[in-house]
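Peer 1: If you scroll down you'll find the structure; I have some questions about it.
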Amino acid sequence: MPRIRKVRRLSTRDKIVLTAMVAIPTLIELVFVWLPTLFSIGLSFTRWNGLDLTDIHPAGLANYQYVAQNYPPFWPAVQHNILWLLFLGIIATPLGLLLAVLLDQQIRGSRIYQSIFFAPVMLSLALVGAIWQLFYQRDHGLLNFLLGTAGTPAAVDWFGDSNVNIWAALVAATWRHAGYVMLLYLAGLKGVDPALKEAAAIDGANAYQTFFRVVFPAMRPINIVIVVITIIESLRAFDIVYVINRGTNGLELISALVIQNLVGEGQVIGVGSALATILLVISLVPIIFYLTRTFGKEAKEQ
């Protein structure tokens with residue numbers, strides 16, 4: 001007769017530890033994330049100079065109406081954020097996937113290449129912007145030197161020309177984003193069961209078919225994470241454009257407009273909060289839509 005094991009009850013000390021492990025992170029997130037978010041949403045419906053709490057006056061939807069109809073940088077910023085998302089999604093993310101696939105082939109010096117491609121990820125976007133300023137500098141930059149135009153009238157001002165600076169900034173952002181995606185996909189590739197590849201090879205599948213029909217679908221959890229990260233990165237891209245020219249002259253982004261209205265002498269708290277709320281909604285909608293569809297399909301398959 002099998003021996004019945006007694007279920008160990010939690011002691012008072014265990015209950016206190018578990019409660020603290022749940023309560024402390026929840027409290028931190030509540031204080032530093034949710035309360036400021038709700039406070040910002042509330043301020044978006046007010047007029048306030050940011051100094052005296054008694055000077056807060058209700059404004060209804062006036063701030064949102066001003067942003068949509070009378071704030072010139074807003075719609076260019078929306079277009080630039082969409083372009084940023086498309087560029088990261090179509091260029092930077094596939095580039096990171098390609099690097100991961102190549103480095104997963106056990107080539108000589110793979111660890112060194114991984115370190116080289118991952119190094120930009122450890123740098124802040126502000127530092128990335130500073131580095132690429134040296135590369136793109138008009139008179140002494142490396143790019144114009146390689147093109148043979150440095151110090152001549154034909155030299156391109158890559159960050160100063162509003163016709164090309166958004167593309168120059170996107171290349172700089174890709175340098176960092178591709179390394180991050182590469183690392184995540186490398187971890188995903190290591191977790192794929194080798195038996196799946198062997199079964200595909202036995203069935204006569206070539207390398208292309210094996211990857212896109214077997215390996216890539218098996219990395220579905222990683223794909224979800226990367227989609228969410230790509231959306232977030234495209235919408236919170238602030239540091240790099242602020243270092244370049246404070247998010248003006250062709251580099252307008254919603255995140256930069258938020259800072260411009262919340263910080264400095266010309267701060268307009270209501271407008272800045274309205275822009276922050278718009279940015280929050282824009283970021284949440286595609287993420288929620290994608291996750292709902294993804295997990296909905298999984299539920300139906302089960």
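Peer 1: So residue 177 clears everything in (1) under 19 Å from the mean Cα position of the chain (by Cα); (2) farther than 17 Å from residue 92 by Cβ; (3) open to solvent by less than 50 Å² (accessible area, probe 1.4 Å) except one condition, right? Which one?
Peer 2: (2)
Peer 1: Are there any helices (runs of 4 or more DSSP H) wholly within segment 188-302 with 1 or more residues that are open to solvent by less than 60 Å² (accessible area, probe 1.4 Å) and in contact with a Phe, Trp or Tyr (Cβ under 6 Å, 6 or more places away or on another chain), and if so which?
Peer 2: Working: elements: 194-202, 207-210, 220-235, 239-245, 254-262, 269-301.
Correct list: 220-235, 239-245, 254-262, 269-301.
Peer 1: While we're on this one: Quick one: which residue in 225, 243 is under 30 Å from residue 76 (Cα atoms), under 16 Å from the mean Cα position of the chain (by Cα) and of a type in the set (Val, Ile, Thr)?
Peer 2: Working: 243 fails: under 16 Å from the mean Cα position of the chain (by Cα).
Going through 225, 243 in turn, just one is under 30 Å from residue 76 (Cα atoms), under 16 Å from the mean Cα position of the chain (by Cα) and of a type in the set (Val, Ile, Thr): 225.
Peer 1: Within segment 197-217, which residues are in contact with a helix residue (DSSP H, G or I) (Cβ under 6 Å, 6 or more places away or on another chain) and among the aliphatic types (A, V, I, L, M)?
Peer 2: Scanning segment 197-217 gives 200, 214.
Peer 1: Scan segment 212-233 and report the pairs whose first residue is modelled with pLDDT under 90 and whose second residue is of a type in the set (Phe, Trp, Tyr) and outside any helix (DSSP H, G or I), with Cβ atoms within less than 6 Å and a gap of 6+ or a chain change.
Peer 2: Filtered contacts from segment 212-233: no entries.
Peer 1: If you don't mind, there's one more thing I want to ask. Name the single residue that is surrounded by the most Cβ atoms within 10 Å (Cβ to Cβ) among those in segment 33-55 being farther than 14 Å from residue 280 by Cβ and modelled with pLDDT under 90.
Peer 2: This residue is 48.
Peer 1: Just give me the residues in segment 146-172 being assigned to a helix (DSSP H, G or I) and touching a Gly at 6+ places or on another chain (Cβ under 9 Å), in sequence order.
Peer 2: 165, 166, 169, 172 - these are the residues of segment 146-172 that are assigned to a helix (DSSP H, G or I) and touching a Gly at 6+ places or on another chain (Cβ under 9 Å).
The values are calculated or read from the model by the stated rules, or taken from the named source; none is laboratory data. Computed from a prediction, not measured in an experiment: that's the story for all the values here. All Cβ positions, glycine included, derive from the backbone under ideal geometry; neighbour counts span all protein chains shown. Each accessible area value is taken on the protein alone, full model and side chains, heavy atoms only, with ligands, DNA and RNA left out. Shrake-Rupley method; radii C 1.70, N 1.55, O 1.52, S 1.80 Å.
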